[in-house]
Amino acid sequence: MSARETILNAVRAGLDNRKVDAEAVRREADALLQDLDAVRPELPAGALVDAFIARVTSPKVAATAERIKDVNELPAAVRRYLDLHKLPPSVALQPAAVLKNLSWHGLETRGEVAADDIVGVGIARWGIAETGSLVFHSNPETPILANFLPLYHIVMVHESAIVAFLDDYAAVVVGQRPPRNVNLITGASGTTDIEGSLVLGAHGPAHLHVVIVKDTPEL
Amino acid sequence: MQEATVSFKARAERALADPTLKLAIDRTTGTAERKRAVAMTQFPQFEAARERGKRIKDHVIANLDHYLLEFERNAIESGAKVHWASTAEEASQIVVSLCKQANAKRVTRVKSMLGEEIGLPHALDEAGIERVETDLAEHIVQLGGDRPSHIVWPSMHRTREQVSDMFKRAHRVPHQEETIEAMVASARRELRDKFLSADVSISGANFLIANTGATCTVTNEGNAELTTTPPRVHIVTAGIEKLVPSIEHAFLMLRLLVRSATGADVTQYTTFHCGPKQPGDRDGPEEFHIVLVDNGRTRMLRDAALKEMLRCIRCGACMNHCVVFRQLGGHVYGGTYPGPMGAVLTPVFDGLESSRDLPHACTMNGKCQEVCPVAIPLPTLLRGWRDRSWREGLEPTAARFGLSIHTFVASHPRLYRLGTAIAIKVMRLFSRGGLVRGMPGLGAWTKHRDFPAPARRSFMAMYKNSENKR
């Protein structure tokens with residue numbers, strides 16, 4: 001007998017070989033998702049975007065954030081960030097058309113993110129106010145390593161793509177074929193492995209800056 | 001495991017006598033306890049969430065065959081290859097042979113307790129494959145040549161001073177400054193090119209998502225993504241109890257897991273891995289393997305009590321709050337999993353005979369059950385092992401003899417009163433200033449602390465006296 005059969009038989013024996021009613025199992029699973037408000041934290045009152053920014057910049061997430069009115073303002077925002085942190089005027093762009101098509105005048109840009117890049121600029125598909133998370137789906141415009149290699153990560157997200165709870169993101173993608181990777185990124189890379197004290201920049205970015213843009217997403 | 005050949009008591013004595021270890025344990029578990037407490041005040045829905053989480057896990061366990069098949073079907077459809085392993089050895093062999101098929105010289109690993117449970121680090125070393133641990137704590141464990149001592153902070157037994165020494169000896173460009181920041185930067189430099197040049201990556205899974213076939217990892221360092229993206233092959237090993245019906249259910253569990261583990265609301269990185277890279281993707285593995293491991297779990301399923309342990313989501317809260325763990329650290333427990341949850345699980349994996357001391361190393365204060373995010377009745381399960389150990393005759397003769405005398409005396413009130421009256425007199429002879437500092441037969445106690453001298457008369461004697469006066 002294969003290990004597969006051995007295990008499945010042992011599981012069935014452990015469950016008294018009862019008949020599985022797939023429809024009943026599904027109903028029970030759905031029932032466990034009812035009344036979500038009772039089992040998740042509350043969001044602060046007010047606009048979603050404010051809750052998101054409050055969360056991103058809270059000590060728990062410890063990232064920085066700013067708002068721009070139009071996607072064309074992104075290069076200037078990046079420039080200000082580089083100046084503020086005394087970084088060289090050179091950035092690696094996530095290979096997304098929307099970023100490539102902007103006017104990066106005065107900044108040296110590269111079309112992909114390499115192992116030794118200092119600053120990476122990317123675009124997240126969604127933001128989650130509950131946790132201050134940014135959501136990325138791997139695809140030809142979104143390589144996964146671009147989110148992890150740079151020391152400074154600047155991420156743009158559209159205001160209209162901010163959802164309230166983790167569950168709301170799940171509801172948006174329900175029924176879709178999942179990508180190879182979904183990354184939920186919440187703040188910079190950190191570790192508490194030495195004596196429990198938090199240090200940022202463990203393997204991934206040490207700094208995360210979130211830029212929220214007002215216009216509608218071109219997804 | 002060399003440690004296991006020394007008795008539990010001898011290991012405990014040694015740990016208790018190690019002041020550096022005590023310092024290291026206190027620093028990490030103390031922080032974890034404080035941060036969790038703060039997180040709880042900010043999440044008043046915790047009790048309701050915990051009840052929901054318990055029900056989700058119970059629902060999955062009650063329909064485990066259904067969810068295993070659903071997961072397998074969806075994983076295969078996403079392009080993954082699914083393997084099944086009944087035992088730890090089978091699981092390790094599958095992983096090693098996948099590495100050999102891939103001609104792997106260098107393998108990067110994301111911390112996974114299941115990987116430890118099935119002896120994967122050892123199996124890879126035996127096969128002559130270079131194994132690079134990428135989690136900072138596992139990197140420290142690898143450099144120290146020992147074993148994880150905590151399921152969330154595997155190198156918790158090391159102080160910063162020890163870590164500094166290890167990094168200076170092993171790293172190509174070690175830190176100059178004696179700060180934890182500089183040490184972390186040193187590890188970052190050391191591991192960066194290894195991430196990118198590995199042939200195979202191996203990770204565990206915090207959740208298996210039945211309705212998509214995806215696996216989920218949570219980390220704070222970002223090492224899971226840096227590990228599992230560049231190599232050509234990604235192998236996941238996961239216990240069959242890790243299933244959840246959907247990503248929505250995973251999110252409910254995630255809220256409980258992270259708060260209980262570290263006091264954060266969510267880890268910095270929560271990543272779902274579904275199949276190999278897709279057409280047009282710029283990075284990601286070409287092959288994605290998932291090894292589903294039983295290793296005793298179906299045995300637990302058949303046991304009405306131990307079945308509850310299948311809810312465990314490996315957060316580590318029980319050990320952070322355990323008065324015994326906080327004195328001893330994790331290595332003393334001898335198994336893969338330490339603390340209360342380890343004392344329940346190790347007898348399942350290693351047999352009760354070699355691990356019967358573990359369920360005894362518990363004060364039954366109930367703290368572990370109180371903080372468990374899926375309400376596992378850990379003290380009850382530990383008591384169950386104690387019962388079984390007694391029934392199976394595994395308790396030492398001296399203990400059985402002593403207890404049978406106690407049973408006899410306790411069920412004969414006159415004899416019992418006579419005994420206590422004599423004991424009171426004798427103990428008071430040895431007491432100075434209300435404390436017994438040493439006395440024949442009390443050595444095991446008085447070696448570490450004084451014994452309070454008993455009152456002049458027993459409660460029963462005083463009660464009788466007052467009744468007579470009426």
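The values are calculated or read from the model by the stated rules, or taken from the named source; none is laboratory data. All values derive from a computational prediction rather than experimental measurement. Here Cβ is always computed from backbone atoms with ideal geometry, including for glycine, and neighbour counts include all displayed protein chains.
Given the range A:1-103, what helices (runs of 4 or more DSSP H) lie entirely inside it while holding 2 or more residues that are in contact (Cβ under 8 Å) with a residue 24 or more places away in the chain, away from every other protein chain (no Cβ under 12 Å) and surrounded by 13 or more Cβ atoms within 10 Å (Cβ to Cβ)?
Values: elements: A:3-14, A:22-31, A:48-56, A:74-84, A:97-100.
Those helices (runs of 4 or more DSSP H) span A:48-56, A:74-84, A:97-100.
Taking the condition of being surrounded by fewer than 13 Cβ atoms within 10 Å (Cβ to Cβ) and closer than 15 Å to B:Ser354 by Cβ, how many residues in the range B:394-404 meet it?
Residues that pass the stated criteria total 1.
Of the residues B:Ser155, B:Ser164, only one is in a helix (DSSP H, G or I) and either among the hydroxyl-bearing types (Ser, Thr, Tyr) or under 28 Å from B:Leu345 (Cβ atoms) (or both); which?
On inspection, the qualifying residue turns out to be B:Ser164.
Of the numbered conditions (1) touching a residue at least 60 places away in the same chain (Cβ under 8 Å); (2) under 16 Å from the mean Cα position of the chain (by Cα), A:Lys214 satisfies every one except a single condition; which is it?
Result: A:Lys214 passes all but (2).
Can you find, within the range A:130-145, the residue that is surrounded by the fewest Cβ atoms within 10 Å (Cβ to Cβ) among those that are assigned to a loop (DSSP other than H, G, I, E, B) and more than 7 Å from every other protein chain (Cβ to nearest Cβ)?
First pass over the range A:130-145, keeping only residues assigned to a loop (DSSP other than H, G, I, E, B): A:130-132, A:138, A:140-141, A:143-144.
Next, from what is left, pick out any that are more than 7 Å from every other protein chain (Cβ to nearest Cβ): A:130, A:132, A:141.
On the way: A:Glu130: 23, A:Gly132: 27, A:Glu141: 18.
Selected residue: A:Glu141.
Might you let me know whether the range B:382-393 holds any residue that is touching a residue at least 24 places away in the same chain (Cβ under 8 Å), in a loop (DSSP other than H, G, I, E, B) and under 26 Å from B:Leu16 (Cα atoms)?
Taking the range B:382-393 and keeping what is touching a residue at least 24 places away in the same chain (Cβ under 8 Å), we get B:382-386, B:388-389, B:392.
Filter once more, so that each one left must be in a loop (DSSP other than H, G, I, E, B): B:392.
Filter again for under 26 Å from B:Leu16 (Cα atoms), leaving none.
Checked the range B:382-393: no residue is touching a residue at least 24 places away in the same chain (Cβ under 8 Å), in a loop (DSSP other than H, G, I, E, B) and under 26 Å from B:Leu16 (Cα atoms).
What single numbered condition from (1) out of contact with any strand residue (DSSP E or B) (no Cβ under 8 Å at 6 or more places or on another chain); (2) more than 7 Å from chain A (Cβ to nearest Cβ); (3) not in a helix (DSSP H, G or I) fails to hold for B:Ala261?
Condition not satisfied by B:Ala261: (3).
Based on this model, can you work out whether B:Thr217 counts as among the polar types (S, T, N, Q), at pLDDT 95 or above, closer than 21 Å to B:Ala137 by Cβ and part of a helix (DSSP H, G or I)? Lay out the reasoning, then the answer.
Working: among the polar types (S, T, N, Q): yes; at pLDDT 95 or above: yes; closer than 21 Å to B:Ala137 by Cβ: yes; part of a helix (DSSP H, G or I): no.
In short, no.
Can you name the number of the only condition in (1) farther than 21 Å from B:Met319 by Cβ; (2) in contact with a Lys or Arg (Cβ under 8 Å, 6 or more places away or on another chain) that B:Ile376 fails?
(1)
So, in the range A:194-211, of the ones that are without any contact (Cβ under 8 Å) to a residue 24 or more places away in the chain and at negative phi, which residue ends up farthest from the chain's Cα centre (by Cα)?
So the first thing to find is which residues in the range A:194-211 are without any contact (Cβ under 8 Å) to a residue 24 or more places away in the chain, and the list is A:194-199, A:202.
Filter once more, so that each one left must be at negative phi: A:194, A:197-199, A:202.
Numbers: A:Ile194: 26, A:Ser197: 24, A:Leu198: 21, A:Val199: 20, A:Ala202: 18 Å.
Among those that are without any contact (Cβ under 8 Å) to a residue 24 or more places away in the chain and at negative phi, it is A:Ile194.
Can you name the number of the only condition in (1) farther than 21 Å from B:Gly316 by Cβ; (2) more than 8 Å from chain A (Cβ to nearest Cβ); (3) polar (S, T, N, Q) that B:Ser246 fails?
That leaves (2) as the condition not met.
Within the range A:16-36, identify whether any single residue is within 30 Å of A:Gly190 (Cβ to Cβ) and at pLDDT 95 or above, and answer yes or no. Break it down into steps so the answer makes sense when it comes.
First pass over the range A:16-36, keeping only residues within 30 Å of A:Gly190 (Cβ to Cβ): A:36.
Filter once more, so that each one left must be at pLDDT 95 or above: A:36.
Within the range A:16-36, one or more residues are within 30 Å of A:Gly190 (Cβ to Cβ) and at pLDDT 95 or above.
Here are some residues: A:Asp168, A:Asp117, A:Asp193. Which one is out of contact with any helix residue (DSSP H, G or I) (no Cβ under 8 Å at 6 or more places or on another chain), in a loop (DSSP other than H, G, I, E, B) and of a type in the set (Asp, Glu)?
On the way: A:Asp168 fails: in a loop (DSSP other than H, G, I, E, B); A:Asp193 fails: out of contact with any helix residue (DSSP H, G or I) (no Cβ under 8 Å at 6 or more places or on another chain).
Answer to the selection: A:Asp117.
Go over the candidates B:Met300, B:Met309 one by one and state the one that is assigned to a helix (DSSP H, G or I), within 11 Å of chain A (Cβ to nearest Cβ) and at pLDDT 95 or above. Walk me through how you get there before you give the answer.
Details: B:Met309 fails: within 11 Å of chain A (Cβ to nearest Cβ).
That would be B:Met300, the only listed residue that is assigned to a helix (DSSP H, G or I), within 11 Å of chain A (Cβ to nearest Cβ) and at pLDDT 95 or above.
Just checking, does the range B:198-214 include any residue being more than 9 Å from every other protein chain (Cβ to nearest Cβ) and under 16 Å from A:Ala202 (Cβ atoms)?
Scanning the range B:198-214, I find no residue that is more than 9 Å from every other protein chain (Cβ to nearest Cβ) and under 16 Å from A:Ala202 (Cβ atoms), so the answer is no.
May I ask you to verify whether B:Pro148 is assigned to a loop (DSSP other than H, G, I, E, B), more than 10 Å from every other protein chain (Cβ to nearest Cβ) and touching a residue at least 60 places away in the same chain (Cβ under 8 Å)?
Working: assigned to a loop (DSSP other than H, G, I, E, B): yes; more than 10 Å from every other protein chain (Cβ to nearest Cβ): yes; touching a residue at least 60 places away in the same chain (Cβ under 8 Å): yes.
In short, yes.
Under the condition of being among the aromatic types (Phe, Trp, Tyr) and closer than 16 Å to B:Ile209 by Cβ, which residue from the range B:37-81 is surrounded by the fewest Cβ atoms within 10 Å (Cβ to Cβ)?
As a first pass, look at the range B:37-81 and keep what is among the aromatic types (Phe, Trp, Tyr): B:43, B:46, B:67, B:71.
Filter once more, so that each one left must be closer than 16 Å to B:Ile209 by Cβ: B:67, B:71.
On the way: B:Tyr67: 25, B:Phe71: 28.
Only one residue fits best here, namely B:Tyr67.
With (1) surrounded by fewer than 24 Cβ atoms within 10 Å (Cβ to Cβ); (2) modelled with pLDDT under 95; (3) over 11 Å from B:Glu221 (Cα atoms) as the list, and A:Leu200 as the residue in question, which single condition is left unmet?
Exception for A:Leu200: condition (3).
How many residues, within the range B:422-448, are under 24 Å from B:Met460 (Cβ atoms) and in a loop (DSSP other than H, G, I, E, B)?
Within the range B:422-448, residues that are under 24 Å from B:Met460 (Cβ atoms) and in a loop (DSSP other than H, G, I, E, B) number 4.
Does A:Gly127 meet the test of being surrounded by 18 or more Cβ atoms within 10 Å (Cβ to Cβ) and more than 8 Å from chain B (Cβ to nearest Cβ)? Break it down into steps so the answer makes sense when it comes.
Details: surrounded by 18 or more Cβ atoms within 10 Å (Cβ to Cβ): yes; more than 8 Å from chain B (Cβ to nearest Cβ): yes.
Answer is yes for this residue.
Could you check the range A:162-193 and list, in sequence order, the residues that are on the phi > 0 side of the Ramachandran plot and within 15 Å of the chain's Cα centre (by Cα)? So that I can check it myself, show each step before the final result.
Within the range A:162-193, the first condition is being on the phi > 0 side of the Ramachandran plot, and the residues that meet it are A:175, A:187.
A:Gly187, the sole residue that qualifies.
Quick one: which of A:Gly196, A:Gly175, A:Gly187 is under 21 Å from A:Ser138 (Cβ atoms), facing another protein chain (nearest Cβ under 7 Å) and small (Gly, Ala, Ser)? Don't jump to the end; show me each part of the working.
Working: A:Gly196 fails: under 21 Å from A:Ser138 (Cβ atoms); A:Gly175 fails: facing another protein chain (nearest Cβ under 7 Å).
Answer to the check: A:Gly187.
Find the residue count for the range B:100-159, including only residues that are surrounded by fewer than 20 Cβ atoms within 10 Å (Cβ to Cβ) and acidic (Asp, Glu).
4
Could you tell me whether B:Ala375 is assigned to a loop (DSSP other than H, G, I, E, B), surrounded by 12 or more Cβ atoms within 10 Å (Cβ to Cβ) and not polar (S, T, N, Q)? Break it down stepwise before answering.
On the way: assigned to a loop (DSSP other than H, G, I, E, B): yes; surrounded by 12 or more Cβ atoms within 10 Å (Cβ to Cβ): yes; not polar (S, T, N, Q): yes.
The answer is yes for B:Ala375.
In the range B:289-333, how many residues are surrounded by fewer than 19 Cβ atoms within 10 Å (Cβ to Cβ) and farther than 30 Å from B:Glu33 by Cα?
Qualifying residue count, the range B:289-333: 4.
Taking B:Arg169 and the conditions (1) under 22 Å from B:Arg27 (Cβ atoms); (2) in a helix (DSSP H, G or I), which numbered condition does it fall short on, given that it satisfies the others?
Going through (1) under 22 Å from B:Arg27 (Cβ atoms); (2) in a helix (DSSP H, G or I) one by one, B:Arg169 breaks only (1).
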